[in-house]
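The values are calculated or read from the model by the stated rules, or taken from the named source; none is laboratory data. Because the structure is predicted, anything quoted here is derived from the model rather than measured. A quick note on method: Cβ atoms are made from the backbone with ideal geometry, for glycine too, and the neighbour counts reach across all protein chains shown. What goes into the accessible areas is simple: the full protein's heavy atoms, side chains included, and nothing from ligands, DNA or RNA. Shrake-Rupley method; radii C 1.70, N 1.55, O 1.52, S 1.80 Å.
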Amino acid sequence: MTKQVITANRLDDGLAVFFDTHANWSASITEAAVVEKGEEADTLLATASNADNQLIVVGPYLIDVDQQGGKITPVRYREQIRTLGPSVRPDLGYQAK
Amino acid sequence: MYKYDDYDQQLVDERIEQFRDQVNRRLSGELSEEEFRPLRLMNGVYLQLHAYMLRVAIPYGTMNSAQMRQFAYIARNYDKGYGHFTTRQNIQFNWPKLVDLPDILTELSKVQMHAIQTSGNCIRNTTTDQYAGASFDELEDPRPWCEIIRQWSTMHPEFTYLPRKFKMAVTGAPNDRAAVAIHDIGLRIRRDEQGELGFEVMVGGGLGRTPMIGKTICEFLPKEDLLSYLEAILRVYNQFGRRDNKYKARIKILVHEIGAEKFAELVEKEWEEIRDSALHLPAEEIEEISAHFTPPPFDVLPALSSSFSEKVGQDEKFAYWVQNNVREHKQQGYAIVNISLKPIGGIPGDISHAQMDVVADLADQFSFGEIRSTHEQNLVLAHVKRDDLYAVWLKLDEYGLATPNSGLITDLIACPGLDYCALANSRSIPLAQRISERFGELDRQHEIGKVQVKISGCINACTHHHVGHIGILGVDKKGQEFYQITLGGRADENAKIGKIVGAGLSTDEVVDAVETLINTYLGLRESKEETFLDAFNRVGETPFKEALYGAR
């Protein structure tokens with residue numbers, strides 16, 4: 001089964017964020033709510049896209065992830081870069097912290 | 001340089017206040033993202049992978065030292081300490097917060113800069129020759145014409161919602177350094193048989209998924225008719241350009257579908273209606289704008305500078321930099337300095353705030369306070385005394401800005417790619433860095449000679465890879481980065497789209513492939529004077545193709 005999480009960019013500063021298990025937006029994908037692709041994912045996306053969340057983030061969408069142990073890794077390279085920062089500037093983005 | 005009048009300043013300032021209000025309304029929920037998005041884009045604000053991105057227009061790539069210092073200030077205080085010069089002579093900041101953007105635009109307005117029309121389906125910043133007003137081969141400085149176009153096209157009510165974005169470029173020299181043939185409209189200043197200066201008008205050039213070279217629809221346009229003729233082109237495009245399919249909406253598709261002749265007829269017909277309207281340019285108005293671009297007060301200098309010659313003789317590192325990065329100036333005793341933003345293994349076009357301040361200081365001290373950005377992602381000090389070159393070089397070298405590689409293989413052009421850009425399919429910068437490192441040794445670069453490598457991370461072709469001598473396009477193949485190579489393209493006065501040489505190559509293979517191409521060239525060239533492009537044109541693609549794929 002394909003696992004998914006919801007990501008978006010935060011409205012005020014544009015940073016990549018992830019919808020967590022408490023229905024908040026987190027800067028860390030490790031806190032993201034992991035759901036099954038399909039109905040469960042669609043339901044969660046509807047919540048993440050509601051009017052209240054439109055004031056917090058821009059353009060929520062689902063991404064496929066691998067979940068092994070406690071580690072959540074996006075499948076697509078594009079999304080891996082979003083969770084880390086530019087691969088050519090390890091001093092910038094989340095990877096720098 | 002052009003200076004804002006009260007009207008310009010008011011227009012920009014009012015626009016910022018409108019945007020401030022729009023941001024506040026988005027944050028409060030009064031505007032939805034759907035409503036807000038086109039508004040932010042009209043002000044140069046994109047949302048990229050990691051953050052917002054602000055693209056600031058540098059009109060025709062000319063800026064003054066105060067403007068460069070303000071970029072440094074913004075990079076330091078609102079961003080992460082650096083900026084990125086683009087292939088359209090603009091600058092981008094990669095990490096601004098939406099909440100700060102109205103203040104950033106206010107800071108820009110203080111130095112007569114803005115981000116209006118750096119996005120959206122409108123007329124974008126007009127680009128030109130980075131050596132304008134300095135190069136000996138120039139018929140006329142193209143910048144007054146760029147400024148006239150800027151004033152006409154800024155917030156032009158009829159052309160705010162074109163079928164697609166619209167880019168123009170102007171060259172005043174027969175040696176085209178502005179790549180005019182790959183723009184929606186390319187203007188080439190030329191002389192008619194009577195010796196009068198006017199424009200050759202090319203239409204329908206562009207790259208992206210359907211690369212095309214512009215077609216000349218007017219061999220000689222009198223200067224005073226420039227705006228009415230441009231307006232006629234834009235009207236025909238606005239009326240007949242396709243709005244049903246984003247990928248077929250650029251003017252090049254229209255020109256291609258109906259044919260250049262038919263397109264020219266439609267323009268001619270429209271033009272007759274408006275030729276003598278308010279768009280007709282009186283000589284006084286042309287002179288008024290041109291007065292902003294009069295040559296700086298050059299000193300009368302001897303042709304030879306003994307102190308310069310002495311330093312060249314004493315310092316080999318300086319001599320190589322002069323050989324590669326310094327160009328002839330039309331004024332005796334002066335030179336054009338190319339500042340490389342391509343350190344070996346570095347990120348093409350990136351510049352730190354400290355480097356920006358240094359360039360601004362050097363411009364003030366040695367080049368009449370003026371700086372140019374180039375579509376090759378470098379900077380230029382256009383008017384430096386030969387006597388001052390050593391002092392300029394010392395300072396540039398101290399700040400990592402004196403890489404002696406202008407026009408050489410490590411002067412490669414790369415888009416931000418998947419490291420930043422929401423549209424990209426693959427990374428460009430790491431590949432640029434690896435190629436730069438592979439060929440970094442200067443003797444080897446001299447042995448290879450002039451060659452342009454252009455790397456795009458998606459088919460939108462921001463780096464013009466189709467017209468690179470060696471063009472590289474990154475694609476996504478089942479989640480893996482692959483790179484497709486084109487050969488033999490060129491963006492100059494003999495512009496030509498390169499040929500795809502074969503199947504895509506993996507990240508592991510592509511740098512070796514570039515080396516194979518270069519070694520093939522070195523093996524078959526007739527002399528050291530025969531460049532990569534000359535050799536390719538002589539022998540064709542077969543030897544290169546065989547070298548790359550023969551063993552497969």
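Couple of notes before you dig in:
- For the range A:22-43, the set of residues classified as farther than 22 Å from A:Gln95 by Cβ and either in contact with a helix residue (DSSP H, G or I) (Cβ under 7 Å, 6 or more places away or on another chain) or of a type in the set (Lys, Arg) (or both) consists of A:Ala23, A:Ala33, A:Val35, A:Lys37, listed by residue number.
- In the condition set (1) under 20 Å from the mean Cα position of the chain (by Cα); (2) more than 14 Å from chain A (Cβ to nearest Cβ), B:Asp361 is compliant with all but (1).
- Breaking point among (1) open to solvent by 10 Å² or more (accessible area, probe 1.4 Å); (2) outside any loop (DSSP other than H, G, I, E, B); (3) in contact (Cβ under 8 Å) with a residue 12 or more places away in the chain, for B:Gln445: (1)
- Residue match in the range B:91-111 (condition: away from chain A (no Cβ under 14 Å) and in a loop (DSSP other than H, G, I, E, B)): yes
- Every residue from the range A:25-48 that is assigned to a loop (DSSP other than H, G, I, E, B) and either within 14 Å of another protein chain (Cβ to nearest Cβ) or under 11 Å from the mean Cα position of the chain (by Cα) (or both): A:Ala27, A:Ser28, A:Ala33, A:Val34
- One residue stands out in the range B:37-58 among those that are in a loop (DSSP other than H, G, I, E, B) and over 25 Å from B:Asp129 (Cα atoms): the one that is farthest from the other protein chains (Cβ to nearest Cβ), namely B:Asn43.
- Filtering the range B:466-512 to residues that are part of a helix (DSSP H, G or I) and closer than 17 Å to B:Gln433 by Cβ leaves B:Thr507, B:Asp508, B:Glu509, B:Val510, B:Val511, B:Asp512.
- Within the range B:425-440, the set of residues being more than 8 Å from chain A (Cβ to nearest Cβ), touching a helix residue (DSSP H, G or I) at 6+ places or on another chain (Cβ under 8 Å) and not β-branched (Val, Ile, Thr) comprises B:Asn425, B:Ser426, B:Ser428, B:Leu431, B:Arg434, B:Arg438, B:Phe439.
- Screening B:Val23 on (1) within 21 Å of B:Gln377 (Cβ to Cβ); (2) in a helix (DSSP H, G or I); (3) not charged (D, E, K, R) shows it passes everything except condition (1).
- Some residue of the range A:71-79 being more than 14 Å from chain B (Cβ to nearest Cβ) and either charged (D, E, K, R) or open to solvent by 10 Å² or more (accessible area, probe 1.4 Å) (or both): yes
- Elements of type helices (runs of 4 or more DSSP H) contained in the range B:303-367, each with 3 or more residues being under 15 Å from B:Met63 (Cα atoms): B:353-366
- Residue within the range B:227-234 that is within 30 Å of B:His329 (Cα to Cα) and aromatic (Phe, Trp, Tyr) present: no
- The set of residues in the range B:217-240 that are open to solvent by 10 Å² or more (accessible area, probe 1.4 Å) and either closer than 30 Å to B:Ile472 by Cβ or among the charged types (D, E, K, R) (or both) comprises B:Glu219, B:Lys223, B:Glu224, B:Glu231, B:Arg235.
- Of the residues making up the range B:448-482, those that are within 14 Å of chain A (Cβ to nearest Cβ) and closer than 22 Å to B:Phe544 by Cα are B:Ile455, B:Gly474, B:Val475, B:Phe482.
- Residue match in the range B:100-121 (condition: open to solvent by less than 10 Å² (accessible area, probe 1.4 Å) and of a type in the set (D, E, K, R)): no
- Inside the range B:431-489, residues that are among the basic types (Lys, Arg) and on the phi > 0 side of the Ramachandran plot make up a count of 1.
- Scope the range B:18-27; condition free of Cβ contacts under 8 Å to residues at least 12 places away in the same chain and either more than 14 Å from every other protein chain (Cβ to nearest Cβ) or under 20 Å from B:Pro157 (Cβ atoms) (or both); matching residues: B:Gln18, B:Asp21
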